[in-house]
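**Student:** Before we start, here is the structure in question, set down as C-alpha cells.
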Amino acid sequence: MFTDEISAEDRDKLYDEVWTEAMYKVAPKYHTSAATLKKKCDNWDIPVPGAGYWARTQAGYKDRKLELREIPKGRAKYLVYGYSVSYKLPLEQMSEKDIRSDEELIIYSERTKSKLTKIRENTVVPNKLINSHPYIESHQKRAEERKKHNKDANWKTLRIDIPASQFDRAYRILNTMFLITNDMEGGVCLPQFANTPGDGGLIYIDKHEWFFWMNQSENGPLTLSFDSRGFAYSYSHEPDDSDYVLKYFDKPGIPLEDQVGEIIYTLFVYSGKQVQAEELACRKKSLTTERQEHLKQMEPLIKAEQNKLLNILSESALYRKAQDLRSYAAAYYENAQKDGDHAPDVEAHYRWMLDRADWLDPLIDIENELLTETFKDTLK
C-alpha cells in the first residue's frame, strides 16, 4: 500500500515499472487499482504512458518515453524525499568508523556528493534578478516603502544591513542561494521566536538550521554570515570571536557572487557533521539504555553469584579456623608429652579440641548439642 510520501529510490523504481508494463498489471503489486496508481504517479511527478501507448508498442511502433525529472516539480517536491539529499546507508547501519570520521560528506550517497560538487564548481549568480524569492520581494517592498517614509513599513523580513546601492547584489546572491537550497530539499524561513527580535533569516540544510544575515561596514566588504546556533562543529574562513560563525565576504578577485557554490557546499559539510554528532549521541544513549536493561536482567544472577562466593569465603574461613585449631591441639599435646604430663585431663582436652575442630570444619557434617549454627556464623 502507498503512503502520501515516497523516496526518490522508490520513485525511480515505480517509473521504470509503469514504463515496462501496463498500469493495470503494475497496480496489483501495490495492492491498489490502476486509477489510484495513476493518481499517485501524478502526485509524485512520475510521467506515465498515454492512451494507446501499449497498443502501438505491441504493433511495433516505438513511442517516445517521457523522462523522469530528477527534481520533482510543484506539490511533488514536498511528497518525494531523497531526490537530492540521501545517505549512503541508513544512519543506524553505518559503521562507527564512518560516523566518527572527519572526512567531508562521508555519510552522503555518491549521488548527493556529486550534486554538491557540481554546485560548488558550477554555480553562477545571474547578472539580473530572475524569479525572485518571496522574502526578497518582501525586503524590496519594505525598502521602497521606507524610502517613502512609510511608518507602517516595519514588518519582519531578511536582515540585510547594507547600503541601498548594494541591494541588487545582495538580492541576486541570496536568491541564487535560496533556489539551490530549495532544490537540495532545504528551505528558508523567517524566525518566529520571541528571543529573535528584528529581522533575520533561517536556512535549512539537511534538517539543520543556520541563522544568516548580510552586512557591510563602512568601507568594508559585503559580508554574508551564518550562525549555527550552538552547533557542535564550527567553521570560519577568517578568525572570529565566535567558533560558531561562518563568514564569506568580497575578496580581491573573488567577489561574493563567486562563492555561493562554496557556501552551499560548506553548509552541507558541517550540517553533515552535526548529523554524525547526533547519531553518536543517539548510539551512546541507546548503549547506556541497553546496558542498564542488561544489568537489570542480570541483577538476580549477579546477586546469587555474589552470595555464593560470600558463602564459600565464609566456609573457607571456618575451614582455616578448624585447621588452626587442629594444629594448636597437636602442638598442645606434643608439648604436654615433652613435659611428661600424661594426665587424663590433657588427653581429654586434646580430644575436645579435635572434636570442636571437626564441628567447625564445613567439610564435616556433625552437630553439637552445646554449640549452635548461629554461634558458628559469628566465627566466620
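The values are calculated or read from the model by the stated rules, or taken from the named source; none is laboratory data. Bear in mind the structure is a predicted one, so any value in this text is a computation, not a measurement. Methodologically, a virtual Cβ is constructed for each residue, glycine included, from the backbone with ideal geometry; neighbour enumeration extends over all protein chains shown.
**Student:** Give me the pairs: first residue in the range 335-363 and in the same structural domain as A322 (by TED's automatic domain parsing), second residue charged (D, E, K, R) and in a helix (DSSP H, G or I), beta-carbon distance under 8 Å, and six or more apart or on different chains, which are they?
**Tutor:** Correct list of pairs: M353/R326; L354/R326; A357/R326; W359/K376; L360/K321; L360/K376; P362/E315.
**Student:** If I go through the range 369-380 residue by residue, how many of them are surrounded by 13 or more Cβ atoms within 10 Å (Cβ to Cβ) and either without any contact (Cβ under 8 Å) to a residue 12 or more places away in the chain or not in a helix (DSSP H, G or I) (or both)?
**Tutor:** 2
**Student:** Can you find even one residue in the range 98-105 that is within 21 Å of T157 (Cα to Cα) and either touching a Ser or Thr at 6+ places or on another chain (Cβ under 6 Å) or surrounded by fewer than 10 Cβ atoms within 10 Å (Cβ to Cβ) (or both)?
**Tutor:** No: the range 98-105 contains no residue that is within 21 Å of T157 (Cα to Cα) and either touching a Ser or Thr at 6+ places or on another chain (Cβ under 6 Å) or surrounded by fewer than 10 Cβ atoms within 10 Å (Cβ to Cβ) (or both).
**Student:** If you check L105, L91, L79, L116, which single one turns out to be touching a Pro at 6+ places or on another chain (Cβ under 9 Å), within 30 Å of Y270 (Cβ to Cβ), of a type outside the set (F, W, Y) and in contact (Cβ under 8 Å) with a residue 60 or more places away in the chain?
**Tutor:** L79
**Student:** Still on this structure, I have one more. Just need a number here: residues in the range 61-71 that are modelled with pLDDT under 90 and either surrounded by 12 or more Cβ atoms within 10 Å (Cβ to Cβ) or within 24 Å of S114 (Cα to Cα) (or both).
**Tutor:** 3
Table: residues versus (1) outside any loop (DSSP other than H, G, I, E, B); (2) buried (at least 20 other Cβ atoms within 10 Å of the Cβ); (3) touching a Leu at 6+ places or on another chain (Cβ under 8 Å).
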{"site": "N154", "(1), (2), (3)": "no, no, no"}
{"site": "P191", "(1), (2), (3)": "no, no, yes"}
{"site": "Y204", "(1), (2), (3)": "yes, no, no"}
{"site": "S225", "(1), (2), (3)": "yes, no, yes"}
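**Student:** Anything in the range 332-380 that is among the polar types (S, T, N, Q) and touching a helix residue (DSSP H, G or I) at 6+ places or on another chain (Cβ under 8 Å)? List them, or say none.
**Tutor:** If the condition is that a residue be among the polar types (S, T, N, Q) and touching a helix residue (DSSP H, G or I) at 6+ places or on another chain (Cβ under 8 Å), then N368 is the only one that fits.
**Student:** Go through the range 307-350 and give me each residue that's in a loop (DSSP other than H, G, I, E, B) and either touching an Asp or Glu at 6+ places or on another chain (Cβ under 6 Å) or surrounded by fewer than 11 Cβ atoms within 10 Å (Cβ to Cβ) (or both).
**Tutor:** Residues satisfying the conditions are D339, G340, H342, A343.
**Student:** Being surrounded by 15 or more Cβ atoms within 10 Å (Cβ to Cβ) and among the aromatic types (F, W, Y) is the filter here, so list the residues in the range 1-52 that pass it.
**Tutor:** F2, Y15, W19, W44
**Student:** Same structure, new question: Hey, L68 hits all of (1) under 20 Å from L280 (Cβ atoms); (2) outside any helix (DSSP H, G or I) but one; which does it fall short on?
**Tutor:** The number of the failed condition is (1).
**Student:** Could I ask something else about it? Could you identify the single residue in I106, I130 that is at pLDDT below 95 and assigned to a loop (DSSP other than H, G, I, E, B)?
**Tutor:** The conditions single out I130.
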